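Rule-based calculations on the coordinates, nothing more; no lab input. Nothing here was measured: the structure is a model prediction, and the numbers come from that model. Quick reminder, even Gly has a Cβ in these numbers, built from the backbone with ideal geometry, and neighbours come from all protein chains shown.
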Amino acid sequence: MAGKTNYPGGFSGGVTIRGVPIDVPNPGEVFFVNSTTVIAKGGVGSSDGNPGTYQKPFATVDFAIGKCTADRGDVIYVMPGHVEEITGAGTVDCDVAGVSIIGLGRGSKQCRFDFTATASTVLIDADNVSIVNMNFHANVPAVVIGLSVITLATDSLVQDCTFTVETTTTDEFVIGINYAAGCNNFIVDNCIIDQGLGGAATGIKLVSVTAGGNIRNCRIVGDYTFACIGSSGTTSTEIYIEDNVLTNGGSANVGIIPVISMAASGSGLVRGNTCLCNVATGAAQMVSTGMFFSDNWHGEDAGSAATCGMSRGIGNNIVSIVPFADG
């Protein structure tokens, strides 16, 4: 039987197998990472001395990143059940532009970064980096930042990721995702950031000027001291916060801190969010006089029905939330 080939030259006219056209989803190299004992048929255990193929995968994501070429469209597939310990700042450093890191596991087999020190963090340190379907897991209290997007790293995508904790009352990411200056045009989509009742400050934070960003379809829960989503006094423009579920506190301990707290002089849209915190009005739960707010649901008691309101104001400034329906 002839040996298998990866057809490195591709197919100039495409390829059809048994009548099914096969699309190549990326133009670059494909690498695999697998720390588990479940190996491919005919394959070997993982090692950073391997070539990084499906049958001979690398052992760590960071090593795989180092094998990528900037802006070629390289993809790193992380196999189900993979666990990688994050022991310090930049243990995994996504510093090659245009790379996609895609976890292939779901549920208990979702690929996981285990944070075991307060200073441990995963970095995005290049443009056009995507991280998809990975679990960021805080194993100790007061991990300062889970995912840190470094200054001027633009156009990042964080999608279908979860941020969880080992012990819900003590372990946490103080900041789940942190955006530094100039991290323009970022997207956070369909993520779960659940920090329980530990000492978290912010689920997603913008710490300096950012132009363009979208936080959508996420569930962000925690006993936050600042907000589920916030910026620290600096102007960020064209920030869109849409269709999220935001809870500050827990069902028996609803917090008194707003779920959204953005700098007054910023701009953007806050639309279609469901918000719970023990602040009496939607305007007080979602704070920013520079953004436009529309059709957000808000409640202050876990046992009560939420109220939906249309924001009304002068320009972008919110002066009241006018209820029009109960749900």
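Subtracting the Cα-Cα distance from 0.36 nm times the residue separation, let me have the gained length for ILE256 to THR53 in nm, one decimal. Numbers along the way, then the final one.
Details: separation 203, 0.36 × 203 = 73.08 nm, distance 5.06 nm.
Extra length from ILE256 to THR53 when fully extended: 68.0 nm.
The slack in the chain from ASN190 to LYS41, taken as 0.36 nm per residue of separation less the alpha-carbon distance, amounts to 50.3 nm.
Summing charges over neighbours of GLY203, with a neighbour being any other residue whose Cβ is under 10 Å away from its Cβ, gives +1 when K and R count +1 and D and E count -1. Label positions at THR169 and THR225, each projected 7 Å from the Cα along the C-beta direction, are separated by 1.9 nm. Extending 7 Å from Cα along the Cβ direction at ALA264 and again at VAL15 yields two label points whose distance is 6.2 nm. Counting Lys and Arg as +1 and Asp and Glu as -1 over every other residue whose Cβ lies under 12 Å from the Cβ of GLY52, the net charge comes to -1. Backbone geometry of the stretch 188-204 corresponds, through the Karplus equation with coefficients 6.51, -1.76 and 1.60 at θ = phi - 60°, to 3J(HN,Hα) couplings of 10, 10, 6, 9, 10, 10, 10, 9, x, 10, x, x, 6, 9, 8, x, 10 Hz, x marking Gly and Pro.
I need to check one value: relative contact order of the stretch 67-142, counting alpha carbon pairs closer than 8 Å and at least 6 residues apart, in percent.
Working: 188 pairs, mean separation 27.0, N = 76.
Value for the stretch 67-142: 36 percent.
Based on C-alpha pairs under 8 angstrom that are at least 6 apart in sequence, the stretch 83-122 has a relative contact order of 68 percent. Considering only alpha-carbon pairs that sit under 8 angstrom and 6 or more positions apart, the relative contact order computed for the stretch 190-266 is 34 percent.
Residues within the reach of a label modelled at ASN26 (point 7 angstrom out along Cα to beta-carbon, backbone nitrogen below 12 Å), restricted to the stretch 63-84, are 64-79. For the stretch 208-217, backbone phi angles converted through the Karplus equation (6.51, -1.76, 1.60; θ = phi - 60°) give residue-by-residue couplings of 7, 5, 10, 10, x, x, 9, 10, 9, 6 Hz, Gly and Pro being listed as x. GLY90 sits among other residues whose Cβ lies under 11 Å from its own Cβ, and their net charge, with Lys and Arg +1 and Asp and Glu -1, is -4. Put the Cα centre of the stretch 75-90 next to the Cα centre of the stretch 129-180 and the gap is 13 Å. Phi angles across the stretch 264-272 convert, under the Karplus curve 6.51 cos²θ - 1.76 cosθ + 1.60 with θ = phi - 60°, into 3J(HN,Hα) values of 4, 8, x, 9, x, 9, 10, 9, x Hz, Gly and Pro given as x. Our estimate of slack between ASN217 and LEU152, defined as 0.36 nm per intervening residue step minus the Cα-Cα distance, is 20.9 nm.
Amide H contacts under 5 Å for VAL165: ALA138, restricted to partners 5 or more places along the chain or on a different chain, H placed in the peptide plane at 1.01 Å from N. Using 19 Å as the cut-off for backbone N distance, which residues of the stretch 163-204 belong to the label zone defined by a point 7 Å from the Cα of THR116 along Cα→Cβ? The answer is 164-167, 171-173. Quick one: go through the stretch 195-228 and flag any residue whose amide nitrogen is under 14 Å from the point 7 Å out along the Cα-to-Cβ line of ALA181. Under cut-off, by backbone N: 207-211.
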